[in-house]
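Visitor: There's a structure below that I have some questions on.
The values are calculated or read from the model by the stated rules, or taken from the named source; none is laboratory data. Because the structure is a prediction, the values reported are computed rather than measured. No Cβ is skipped: glycine too gets one built from the backbone with ideal geometry, and neighbour counts run over all protein chains shown. The area values use the complete protein model at the heavy-atom level, side chains included, leaving out ligands, DNA and RNA. Shrake-Rupley method; radii C 1.70, N 1.55, O 1.52, S 1.80 Å.
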Amino acid sequence: MTTDKLTDTELALTSAALAGDTGRLYQVAGKLMDEGVAFDELLFDHLLPAERAIGARWEQGDYLIAEEHAATAAIETVISLLAGMFDLPDDGVPVVVTTAEGDDHSLPARASAAHLLFLGYRTTFLGSSVPGSDLKEFLASDQPAVLVLSCTMTSHLLGALSVINAAHAAGIPVVAGGKGFGTDGRWAAVLGADKWVAHHSEVPGAIDEVLGQQQTDRTQTSLPSALQDLVNRRSQILAEAESHLSEEVESVDRRLREEIRVLLGAVEAAILVDGSEVASEMLMWQRRALSAHGYDEFAVARALKRSLQDHDASSAADLIDLSA
Ligand code: B12
């Protein structure tokens, strides 16, 4: 969907979503279906593009965070309401859909779950960010045929690994999707996901493919010891980075606190997949995002780097290149 010239339908969906008017959005969606738009088309050609366009306009500063939140909530609610049209089939292939641990971007996973239910899969949507240990227990008893995993940010790759390991521990293959796995999904393979797909429409084919594969022992990837050590000290590293940051800025608000966490997540992910670009790309994105909102573009990175150096995590600290 372009953001410059909206069709009548796009305008109706976007304005209802931005107003947080779930009822009106539901009516517009229902009208489209009455006119013959199939459910998957409604999802992938109308509702998700509307979210993406609103997200892009919010990034450009055209919409407030509150408007983006209202729109996301309305779109996700309508997808859930519409998914309620479909019965959970007793004889469908059982699938579980969730996001990487720590990843709150539930909307793409919600859409995937609704799509699979529409296609006749016996779909359970777990929402976002189920802790790996809990998930392992659930999957061991529920025994779905496949787990569908969404990861939106590279900083949640450790959380994605925790989901993949939980599924594999229960002998369940994983179909992965989302931008967090890199543009060509390369990190999904590194983490041991059985299949990565770029688009939701490819998920059914991927499910067939992984179910057709001979059952082998599913890989369990453990963290290298230096990374495990870093993860064990995560709270101290974050707290000390926050304290360093407070020496540089007037106040460490929620946004800055979250940015420290995002950057540390990306550093951990870079070590995990042995790809320094994961950290450098996140740092580049973060600099742009912070300076666009009036923050010092390097303050978060400097504070985290210092904290990592204090913890003798020099290779992690080196991934934060302040000269780039
Ligand atoms: C909505 C939103 C949120 C909501 C999510 C609510 C929800 N219930 O989902 C909230 C407010 C929680 C949120 C939080 C954050 N967000 Co956010 N968020 C977005 C936003 C605006 C839209 C995301 C979305 O749903 N898009 C619609 C989906 C459908 O499109 P898509 O993301 O392109 O997904 C495509 C593929 O990836 C694929 N896909 C995704 N998953 C899967 C799974 C499968 C199986 C398959 C097949 C395909 C697939 O499907 C889509 C293609 O059709 C984006 C900006 C944007 N323009 O996208 C930022 C964005 C993703 N968020 C971002 C950030 C930084 C954050 C925060 C760190 C913000 C902060 N500073 O506090 C936190 C992190 C929270 C956390 N711990 O996870 C950044 C990520 C930047 C980066 N370099 O990675 C983005 C890009 C915004 C930005 N540029 O600043 N966010």
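Visitor: Take the solvent-accessible surface of the protein heavy atoms, probe 1.4 Å, and return the percent of it on the chain that carbon and sulfur atoms account for.
Guide: Of the solvent-accessible surface of the chain, carbon and sulfur hold 49 percent.
Visitor: Could you please report the charge total around residue 93, scoring K, R as +1 and D, E as -1 over all other residues with beta-carbon less than 11 angstrom from its beta-carbon? Please report the intermediate quantities before stating the final value.
Guide: Working: positive: 122; negative: 91, 208.
In short, -1.
Visitor: Amide H to amide H, which residues 5 or more places from residue 99 or on other chains are under 5 Å from it, using H placed in the peptide plane?
Guide: 129, 130, 150
Visitor: Below 14 angstrom from the Cβ of residue 207, what's the summed charge of the other residues (Lys, Arg +1; Asp, Glu -1)? Before the final figure, lay out the partial values.
Guide: Details: positive: 122, 195; negative: 194, 202, 208, 209.
Summing Lys and Arg as +1 and Asp and Glu as -1 gives -2.
Visitor: Could you rank the peptides 100-112, 274-286 by their average count of other C-beta atoms within 10 Å per residue, with the highest value first? Mind dumping the intermediate values first?
Guide: Working: 100-112: 22.3, 274-286: 18.2.
For the peptides 100-112, 274-286, the packing ranking is 100-112, 274-286.
Visitor: Related question: Where does each of 85-93, 256-264 land if you order them by average Cβ count within 10 Å, highest first? Don't skip to the end; give the middle numbers.
Guide: Details: 85-93: 12.2, 256-264: 20.1.
In descending order of packing, they fall as 256-264, 85-93.
Visitor: Please compute the length gained on full extension between residue 33 and residue 211, using 0.36 nm multiplied by the number of residues separating them and subtracting their Cα-Cα distance. Walk me through the numbers before you get to the answer.
Guide: Working: separation 178, 0.36 × 178 = 64.08 nm, distance 3.22 nm.
So the extension gain works out to 60.9 nm.
Visitor: Can you give me the long-range amide H partners of residue 195? Hydrogens built in the peptide plane at 1.01 Å from N, cutoff under 5 Å, separation of 5 or more residues or another chain.
Guide: 174, 176
Visitor: Let me ask something else about it. How far is the Cα center of region 161-188 from the Cα center of region 282-324, in Å?
Guide: 27
Visitor: Taking K and R as +1 and D and E as -1, what net charge do the other residues with C-beta under 12 Å from the C-beta of residue 149 add up to? Show your work: numbers first, answer last.
Guide: On the way: positive: 195; negative: 101, 103, 194.
With Lys, Arg at +1 and Asp, Glu at -1, the neighbours total -2.
Visitor: Between residue 232 and residue 134, take the C-beta separation as r, use R0 = 22 Å, and let me know the FRET efficiency to the nearest 0.05.
Guide: Values: r = 20 Å, r/R0 = 0.90.
That pair, residue 232 with residue 134, gives E of 0.65.
Visitor: How high is the relative contact order of region 225-318, in percent, with contacts defined as C-alpha pairs under 8 Å that are six or more residues apart? Please list the in-between numbers first.
Guide: Details: 81 pairs, mean separation 34.0, N = 94.
Over region 225-318, the number comes to 36 percent.
Visitor: Would you please put 69-77, 301-309 in order of how densely packed they are, using the mean number of other Cβ atoms within 10 angstrom per residue and starting with the highest? List each step's numbers first, then the result.
Guide: Values: 69-77: 19.7, 301-309: 22.1.
Peptide ranking by packing, descending: 301-309, 69-77.
Visitor: Taking R0 as 51 Å, what's the FRET efficiency between residue 62 and residue 225 from their Cβ-Cβ distance, rounded to 0.05? Don't jump to the answer; show the numbers that get you there.
Guide: On the way: r = 46 Å, r/R0 = 0.91.
It comes to 0.65.
Visitor: Need one number: nm distance between label points at residue 302 and residue 142, each 7 Å from Cα along Cα→Cβ, rounded to one decimal.
Guide: Between residue 302 and residue 142, the simple spin-label model gives 4.6 nm.
Visitor: If you average the sequence gap of Cα pairs under 8 Å that are 6 or more apart and divide by the length of region 94-212, what percent do you get for the contact order? Write down the numbers at each step before the final one.
Guide: Details: 247 pairs, mean separation 30.2, N = 119.
The normalised contact order for region 94-212 reaches 25 percent.
Visitor: Here's something else I'd like to know. As an exercise, use a Förster radius of 25 Å and the Cβ-Cβ distance of residue 202 and residue 91 to find the FRET efficiency, rounded to the nearest 0.05.
Guide: Working: r = 23 Å, r/R0 = 0.94.
Efficiency for this residue pair is about 0.60.
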